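Below you'll find the structure, written out as structure tokens, and then a few comments.
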Amino acid sequence: MDETVRKRRMAPVPDGPVPEGPTAEDLLVRVAKGDERAFELLYEKLAGPILGLVRRIVRDGAQSEEVTQEVMVELWRTATRFEPGKGSAMNWTMTLAHRRAVDRVRSARASTDREQKATFEAARSRPFDEVAEAVSARWERSQVRKCLSNLTELQRESVMLAYYKGYTYREVAEVLATPQGTIKTRLRDGLIRLRDCLGVTA
């Protein structure tokens, strides 16, 4: 059956309404008995609503599609647990989808935290330029964005132009109409404040 699920992954999630036919409840009961055709019909009925719910929670499109496929696999494997008398197939499925989506978000956050910690730990006792490189490589992370907001406007402009847009000292100086020496000072002061905010030890 996993092969059937993989094949369904190649099919686009239907945008329009699925023609009337067996109810999701009927299909789940048939899926519980190993009916692969029923699973295909169930996929057509539920994949769209599942993806919509997951996308609102996970946000990332690719990950949302992955989670949707995980939910469909779980439906195949756990269909025997569905009890029509205790609720609709849609509610039961959305509960599974919600749980999977929340788990994915928590897992992603934990992974991000581990990556940040590893980066900051690796930056300890390294030359200032290496610390600056490690910080700029992670600037899009939420913690770095928060720390950027603590800089002065001039420091933030300099840091973002140099380390986000890749401008040279001279180009930053031209854009901000400021002497190059002043730009270097702004960048160094800004990176020191970022380093302190992030807990990175130079």
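Here are some notes:
- Relative protection proxy for 96-106, 38-48, from highest mean packing down: 38-48, 96-106 (other beta-carbon atoms within 10 angstrom).
- Between D35 and S107, the contour length at 0.36 nm per residue exceeds the alpha carbon distance by 22.6 nm.
- Grouping the Cα pair distances of segment 25-96 into 5 Å bins from zero gives a pair-distance distribution of 3, 18, 30, 24, 15, 8, 2, 0 percent in increasing distance order.
Just so you know, all these numbers are worked out from the coordinates, no wet-lab data involved. Small disclaimer: the values here were computed from a predicted structure and weren't measured. Cβ atoms come from the backbone with ideal geometry, glycine included; neighbour counts cover every protein chain shown.
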